[in-house]
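The values are calculated or read from the model by the stated rules, or taken from the named source; none is laboratory data. Not measured: the values here are computed from a predicted model. Cβ sites come from the backbone with ideal geometry, for glycine too, and all protein chains shown count toward neighbours. What goes into the accessible areas is simple: the full protein's heavy atoms, side chains included, and nothing from ligands, DNA or RNA. Shrake-Rupley method; radii C 1.70, N 1.55, O 1.52, S 1.80 Å.
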Amino acid sequence: MKKKQEDMKFAITSKGDAISNALTQKMKSYLLDFGLEYDENQPDIVISVGGDGTLLYAFHRYCRRLDKTAFVGVHTGHLGFYADWVPEEIEKLVIAIAKTPYQVVEYPLLEVIIRYVNGGREARYLALNECTVKSVTGTLVMDVEIKGDLFETFRGDGLCISTPTGSTAYNKALGGAILHPSLEAIQLAEMASINNRVFRTIGSPLVLPAHHTCMLKPVNYSDFQISIDHLSLLHKEVKSIQCRVADEKVRFARFRPFPFWKRVRDSFITD
Ligand code: NAP
């Protein structure tokens, strides 16, 4: 998909430290000089300056207009999965944004629907990295249903359901697999499950395709600490937590090839 440059509106989200703020001001003034319009409310392109955490924040800020917004990340710390441009390249990036029609790549997101015990109330979230569910009182006990059938009763510290791009974040620390973001899938990873002769879980991360819904149903307690990316909230009287691949996608502006596996290698092995 190509995007024309005329009438392009941009916004920049900064991590907030001195280096990221200075870079933000520099990029803003360059792009204004090129005739682009700064629009914090309805941008066509959002530049995130900081790290992957800054891009998560930008994603949630513009979550309601994902079909109209493309993201690009500049990192002011270490190489990121979402932030892959370095400060020394910003002149090149600004010219690319202002002058060249850019390509957009789309990656899968996780849809989470939390339903509550009383009143049929529900809350819907989109996660770019993952959703985690933890107990607020002792061991988490949850029935895990896949595609409508009971798969297991999980007992342990918690569960993490991640997107392919989030598979290099919390999921990786839990021993989950790294998924290529072209795969329309979500991954369910355990946090310290209890396994003995009485209690049993699969013990391996599960990768579910887009047409398989995962439903978590509380067995004893109904209050949980649930995180969606960087946002963690206490949810009371939870009846179920439904996870599946979202219909929406996140769109990244691509100005040069940067193969996913090269990014994985550069981030975790050596650059
Ligand atoms: P944070 O605790 O300040 O940062 C967590 C780290 O995860 C940062 O180094 C961040 O990179 C990195 N990160 C974020 N998304 C990533 C991705 N898709 N692939 C690889 N690394 C990634 O929290 P935060 O900045 O608000 O980010 C929230 C994220 O932290 C959550 O979505 C979760 O994935 C992650 N997290 C990880 C663990 C763990 O690994 N044990 C525990 C809790 C949360 P930058 O430094 O570039 O921002």
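The single condition among (1) outside the structural domain of GLN242 (by TED's automatic domain parsing); (2) among the hydroxyl-bearing types (Ser, Thr, Tyr); (3) open to solvent by less than 30 Å² (accessible area, probe 1.4 Å) that THR76 does not meet is (3).
Quickly run through segment 157-190 and pick out the residues that are over 15 Å from the mean Cα position of the chain (by Cα) and part of a loop (DSSP other than H, G, I, E, B). Once the filter is applied, which keeps residues that are over 15 Å from the mean Cα position of the chain (by Cα) and part of a loop (DSSP other than H, G, I, E, B), segment 157-190 yields LEU174, GLY175, GLY176, ALA177.
Examine segment 50-69 for a residue that is under 21 Å from VAL250 (Cβ atoms), in contact with a Lys or Arg (Cβ under 6 Å, 6 or more places away or on another chain) and assigned to a helix (DSSP H, G or I), and state whether such a residue exists. Reasoning before the result, please.
Residues of segment 50-69 that are under 21 Å from VAL250 (Cβ atoms), as a first pass: 50-69.
When the remaining residues are screened for being in contact with a Lys or Arg (Cβ under 6 Å, 6 or more places away or on another chain), the result is 50, 54.
Narrowing the set further to residues that are assigned to a helix (DSSP H, G or I) leaves 54.
Yes: one or more hits.
Checking every residue in segment 36-44 against the condition of being closer than 26 Å to LYS172 by Cβ and either touching a Ser or Thr at 6+ places or on another chain (Cβ under 6 Å) or not small (Gly, Ala, Ser) (or both) gives zero matches. Number of residues in segment 207-245 that are closer than 11 Å to ILE186 by Cβ and within 16 Å of the ligand (Cβ to nearest atom): the value is 1.
Examine segment 144-165 for a residue that is surrounded by fewer than 19 Cβ atoms within 10 Å (Cβ to Cβ), aliphatic (A, V, I, L, M), more than 15 Å from the ligand (Cβ to nearest atom) and farther than 15 Å from CYS243 by Cα, and state whether such a residue exists. Scanning segment 144-165 turns up no residue that is surrounded by fewer than 19 Cβ atoms within 10 Å (Cβ to Cβ), aliphatic (A, V, I, L, M), more than 15 Å from the ligand (Cβ to nearest atom) and farther than 15 Å from CYS243 by Cα. For beta carbons closer than 6 Å, sequence separation of 6+ or different chains, a first residue in segment 203-215 that is closer than 17 Å to LEU109 by Cα and a second that is open to solvent by 50 Å² or more (accessible area, probe 1.4 Å) and assigned to a loop (DSSP other than H, G, I, E, B), the qualifying pairs are ALA210/GLU184; HIS212/LYS147. A residue that is within 13 Å of the chain's Cα centre (by Cα), within 13 Å of the ligand (Cβ to nearest atom) and not in a strand (DSSP E or B) cannot be found anywhere in segment 20-29. Output yes when any residue across segment 44-60 is more than 16 Å from the ligand (Cβ to nearest atom), among the hydrophobic types (A, V, I, L, M, F, W, C), loosely packed, with under 14 Cβ neighbours inside 10 Å and assigned by TED's automatic domain parsing to the domain that holds ILE90, and no when none is. No, segment 44-60 contains no residue that is more than 16 Å from the ligand (Cβ to nearest atom), among the hydrophobic types (A, V, I, L, M, F, W, C), loosely packed, with under 14 Cβ neighbours inside 10 Å and assigned by TED's automatic domain parsing to the domain that holds ILE90. VAL112 falls short on exactly one of the conditions (1) modelled with pLDDT under 95; (2) part of a strand (DSSP E or B); (3) open to solvent by less than 20 Å² (accessible area, probe 1.4 Å), and that condition is (1).
Any residue at all in segment 98-115 that is touching a residue at least 40 places away in the same chain (Cβ under 8 Å), within 16 Å of the ligand (Cβ to nearest atom) and small (Gly, Ala, Ser)? No - not one qualifying residue is present in segment 98-115. When ALA177, ALA173 are checked against the criterion of being hydrophobic (A, V, I, L, M, F, W, C), open to solvent by 20 Å² or more (accessible area, probe 1.4 Å) and without any contact (Cβ under 8 Å) to a residue 24 or more places away in the chain, ALA173 stands alone in meeting it.
A quick yes/no check of all residues on (1) buried (at least 23 other Cβ atoms within 10 Å of the Cβ); (2) within 16 Å of the ligand (Cβ to nearest atom); (3) part of a loop (DSSP other than H, G, I, E, B):
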{"residue": "GLY80", "(1), (2), (3)": "no, yes, yes"}
{"residue": "ASP84", "(1), (2), (3)": "no, yes, no"}
{"residue": "GLU88", "(1), (2), (3)": "no, no, no"}
{"residue": "GLY119", "(1), (2), (3)": "no, no, yes"}
{"residue": "ALA123", "(1), (2), (3)": "no, no, no"}
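Screening ALA185, ALA192, ALA173 for residues that are within 16 Å of the ligand (Cβ to nearest atom) and farther than 17 Å from ASP157 by Cβ leaves exactly one candidate, ALA185.
For segment 97-115, a residue qualifies if it is out of contact with any strand residue (DSSP E or B) (no Cβ under 7 Å at 6 or more places or on another chain) and hydrophobic (A, V, I, L, M, F, W, C), and exactly one does: ALA98.
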